[in-house]
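Just below is one structure, and these are the notes that go with it.
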Amino acid sequence: MSSAPLSRNQHAVDAGIDHITLSVGDARARAAEFVERYGFEVIAAGDTPEFTAVAVRQRDVVLLLLEGRTDEHPATLYTARHGDGVSDIALSVDAPDPTVLEAFGDVTHTFVSRPAGEPWSLPGITPVPAADRAPGAGTTGPARSHLLCVDHVAVCLETGELDRTVEFYDRVLGWRVVFEEDIHVGAQAMQSKVVQSPGGGVTLTLLQPMSGAVPGQIDDFLKKHGGSGVQHLAFAVPDVVDAVADLGDAGVRFLATPDTYYENLEERLGGSGHPVAELRKYSVLADRDHDGELFQIFTRSEHPRRTLFMEVIERRGATTFGSNNIRKLYEAVERQDKA
């Protein structure tokens, strides 16, 4: 593994994530799932002849569930190709910009500029007053509020698209590669490069199958999804054990980790911020890099195609992405697919 910074574009766009759009077949139903299971709160909604939309928020995470109501609407076309999934990663910028960037697969970047303190809205999507929001939403719902922000977005790319996608982000946005590595899981293998905005507000983990290797999880995603796309969203939390306990009680299903993973874990990693017994109880994975510790767990995919899923991640100084745990993720997903 190596760190490989690129020369920054002198006009680098230092953006954050304003919101992530999921094109879905039923916006209200999907929004309700995020409210009930993850503790989000509905903050805006819209019904037009073209679309139905519901925006949900938890701290710095805003998800827009978008349902097309005409055959030609982009959300309708997206779900016809891929099923429910991430169709736009909207970037927060200082000045308005009508540009829509085609990023990878059918995923775009739009640019959003918001005056400080104004309620969240978009054209055709208006704020929902606090008094009109559903009882039990947000921090008072079944899942307490744990999510802080989007730690990273994991993207699966068709073979041969990795370098082209990295070049796009460097040339158009001035973003750089902050980390790269090749990951081998038995005879399977993939290449990974992590692209990040200058201030670190947006982190994209880009993955592609390694040419000549046995087809694996990335190939499987690409086949089921119908091309390149977002594999998972990683949500940062302050305490992964507390978060997983509450989210599990609220109905979020996580991938299981074999007990053998925890044998000699403390000796392998040194002292941990969480007792090994707690990590084992909740199937949380642990890793360490030169900057600190990393704890992560992945949800079971509820997608009919077994594509999109979520990650819950706690960083205690670590700046990498738990590559030692990728193998365990692969094994867990394979067990899920065989179940």
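The values are calculated or read from the model by the stated rules, or taken from the named source; none is laboratory data. A quick note: this is a predicted structure, and the numbers were derived from the prediction, not measured. Note that each Cβ is placed from the backbone with ideal geometry, even for glycine, and that neighbours are counted across all protein chains shown.
If Asp239 passes every condition in (1) in contact with a strand residue (DSSP E or B) (Cβ under 8 Å, 6 or more places away or on another chain); (2) charged (D, E, K, R); (3) surrounded by 17 or more Cβ atoms within 10 Å (Cβ to Cβ) but one, which one does it miss?
Single failed check for Asp239: (3).
In region 77-100, which residue that is in contact (Cβ under 8 Å) with a residue 24 or more places away in the chain and among the polar types (S, T, N, Q) is farthest from Val24 (Cα to Cα)?
Among those that are in contact (Cβ under 8 Å) with a residue 24 or more places away in the chain and among the polar types (S, T, N, Q), it is Ser92.
Can you find a residue in region 294-307 that is among the aliphatic types (A, V, I, L, M) and surrounded by 20 or more Cβ atoms within 10 Å (Cβ to Cβ)?
yes
Based on this model, can you work out whether Phe51 counts as modelled with pLDDT of 95 or more, in contact with a His (Cβ under 7 Å, 6 or more places away or on another chain) and among the aromatic types (Phe, Trp, Tyr)?
Yes; evaluated as a whole, the condition is true for this residue.
Is it true that some residue in region 132-150 is over 30 Å from Thr299 (Cα atoms) and at pLDDT below 95?
Taking every residue of region 132-150 in turn, at least one turns out to be over 30 Å from Thr299 (Cα atoms) and at pLDDT below 95.
Take residues that are under 18 Å from Val185 (Cβ atoms) and touching a residue at least 60 places away in the same chain (Cβ under 8 Å) and tell me which of the strands (runs of 3 or more DSSP E) falling wholly in region 198-309 contain 1 or more.
Where strands (runs of 3 or more DSSP E) fall fully within region 198-309 and carry at least 1 residues being under 18 Å from Val185 (Cβ atoms) and touching a residue at least 60 places away in the same chain (Cβ under 8 Å), they are 203-209, 229-236, 292-298.
Looking at region 230-252, can you tell me whether even one residue there is among the aromatic types (Phe, Trp, Tyr) and closer than 23 Å to Phe179 by Cβ?
yes
Filter region 59-111 down to the residues that are under 23 Å from Arg306 (Cα atoms), under 19 Å from the mean Cα position of the chain (by Cα) and among the charged types (D, E, K, R) and list them by number.
Asp84, Asp88, Asp106, listed by residue number.
Taking the conditions exactly as written (crowded, with 18+ Cβ neighbours inside 10 Å and either of a type outside the set (A, V, I, L, M, F, W, C) or out of contact with any Asp or Glu (no Cβ under 8 Å at 6 or more places or on another chain) (or both)), does Asp182 satisfy them or not?
It is false that Asp182 is crowded, with 18+ Cβ neighbours inside 10 Å and either of a type outside the set (A, V, I, L, M, F, W, C) or out of contact with any Asp or Glu (no Cβ under 8 Å at 6 or more places or on another chain) (or both).
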